[in-house]
Each structure stands twice: as C-alpha cells, then as structure tokens.
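The values are calculated or read from the model by the stated rules, or taken from the named source; none is laboratory data. Because the structure is a prediction, the values reported are computed rather than measured. Every residue, glycine as well, gets a Cβ built from its backbone with ideal geometry; the counts of neighbours run over all protein chains shown.
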Amino acid sequence: MTPSEQPLIGIVGQLVEADRPYLKLANSYADAVLRAGGLPVAVPPTGGPADLERLCERLDGLLFSGGDDFDTERLGLGPTHACAEPVPGRKQDLDVALARHALAAELPVLGVCYGMQLLALVEGGRLFQHLPEDRPGSQEHGGGRRHAVIATPGTKLAAAWGLERAEVISRHHQAISEVGSDWIVSARDEEGLMEAIERQDHPFAVGVQWHPELSAPGGADDRLLRAFVEAANRARSARRMVAAGASGGF
C-alpha cells in the first residue's frame, strides 16, 4: 500500500487546560496505526457540531485514545466518584458528540480504555466508577498491569486476534458495568469484567479496555489494529466509489 492509498486515521487526544490549552497525545498510538498500515493524524478537542460532522466525512477511521475519567453527573449518570479525575468538561462534551457522529456515520471506530467507555456510555452503557471498590474482590487494573483476557467466539475481536485468550496491558480504575442494546461484550477478564465491546450492526465499532498500542509488535493487538485499519480502508474505497458514481465516473 502506497502512502497515498493509506487510510487516514484520526486519533483523538487529551485536552490539557492551561493558559494556552493544548493537545496531549502519546506517540505510541500513531506508531501503532502506522505499523497497522494507516496514516495517523491528531484530532484536537476543539470545534462545534458542524466541524465534527465534516471531520467524520474526511476521515477513514477514528481512534479514541485513553485518558482520565468521566464526569458522570454531566452525563446524567449520578454523582461523580470522589476518586475520579474527570477530563475537562468541554473535552468530554466534544468526545460524546464526536462518538455519536462517527457511529451514526458508520465510520470505523476503535475506542481504547477511556475510548471504550465513551463508546458504551453514549449508547446506553453504565460505569463502574472506581475499581475495586465498585466490584469488591476484583483484581487491580491500574498502573500497566498485565493480565489475561478471553475473547468471545464469533466476534470481530476474536476474528482479528485469531486467538481465544491473550495477555493485555491495563491502565484504568473505571470500567463498563453495562452496555446498551446495540452492543455486545466481545471479551472479559478471568473474573468476568467487561474488557471489550462491539456493535454487531456496524462495519467496525470496537472498544477495548486495555492499551493495544503498548503491546509488543507482532502480537494479537497488532492484528486487532490491522483489522481496524483494514475496515477503514474498506470505508475509504466505498466512499470513493460513491463519489465516482455521483460524478459519472467508472
């Protein structure tokens, strides 16, 4: 695949509030997308609804990166836990709007950690705000902990991995407790905690609670990222065919 043929993958970064607010985005996300065959571009948390809609029209795929926590009160999901460190309010609002736009437009989407939680929450999901407090006795998931995850047979995740079980790297204390009716659970840890979700009626809308961009190259998570980029490439080709048909091309 030549550079001009690589699908354009937007990566949504974090907003750091300061005198001059700025975008924060780890290079590991871009490195992982490049390795998978995509062309990464950073998406700053700015703009309005019309800008987000145009962005979804230009991109071939969208990756929501990890981040801090959710202001659940802002989402109408009750008080925010005292241990939560919510992202800036305008960042959360933009993420919610962008996720809804992307899902409605059937843009291939991959949500990582905070990004997985975002995809679930915008379509009826609910949240464990602080582990293990909200799930007594569960294992620790923060600080780059490595643990096993078991894929659900027949899911996009299982097909991409080519494995039933893999070791992943986790850096979180919040997790999804429930998903909406459009979503299924595509992986759990050994204690039953939701570790991945996906929409069956969508070309590629997958969320993973762990950090695939931190996994060693050549493993199951590289195959997941390749599946995401391949879905973005198919979306790109389909859009070009529609544009060619509209202009009378062949």
Those residues of the range 45-64 which are over 17 Å from residue 176 (Cβ atoms) and either surrounded by 15 or more Cβ atoms within 10 Å (Cβ to Cβ) or among the aromatic types (Phe, Trp, Tyr) (or both), in sequence order: 45, 47, 52, 53, 55, 56, 59, 60, 61, 62, 63
Going through the range 128-149 one residue at a time, which ones are of a type in the set (S, T, N, Q) and modelled with pLDDT of 85 or more? 129
When the range 90-106 is checked residue by residue, the ones that are of a type in the set (A, V, I, L, M, F, W, C), over 12 Å from residue 71 (Cβ atoms) and surrounded by fewer than 24 Cβ atoms within 10 Å (Cβ to Cβ) are 94, 97, 103, 104, 105
If residue 82 passes every condition in (1) over 26 Å from residue 168 (Cα atoms); (2) outside any loop (DSSP other than H, G, I, E, B); (3) of a type outside the set (Phe, Trp, Tyr) but one, which one does it miss? (2)
Does residue 92 qualify as being of a type in the set (S, T, N, Q), out of contact with any Leu (no Cβ under 7 Å at 6 or more places or on another chain) and assigned to a helix (DSSP H, G or I)? yes
Anything in the range 62-75 that is of a type in the set (Gly, Ala, Ser) and in contact with a Gly (Cβ under 7 Å, 6 or more places away or on another chain)? List them, or say none. 65, 66
Tabulated pairs, the range 106-134, first within 16 Å of residue 200 (Cα to Cα), second part of a helix (DSSP H, G or I) and of a type in the set (Phe, Trp, Tyr), C-beta under 9 angstrom, 6+ apart or interchain: 108/228; 109/228; 110/228
If you go through the range 112-166 one residue at a time, how many are part of a strand (DSSP E or B) and surrounded by fewer than 14 Cβ atoms within 10 Å (Cβ to Cβ)? 3
What number goes with the only condition from (1) buried (at least 23 other Cβ atoms within 10 Å of the Cβ); (2) farther than 20 Å from residue 84 by Cα; (3) touching a residue at least 60 places away in the same chain (Cβ under 8 Å) that residue 209 does not pass? (2)
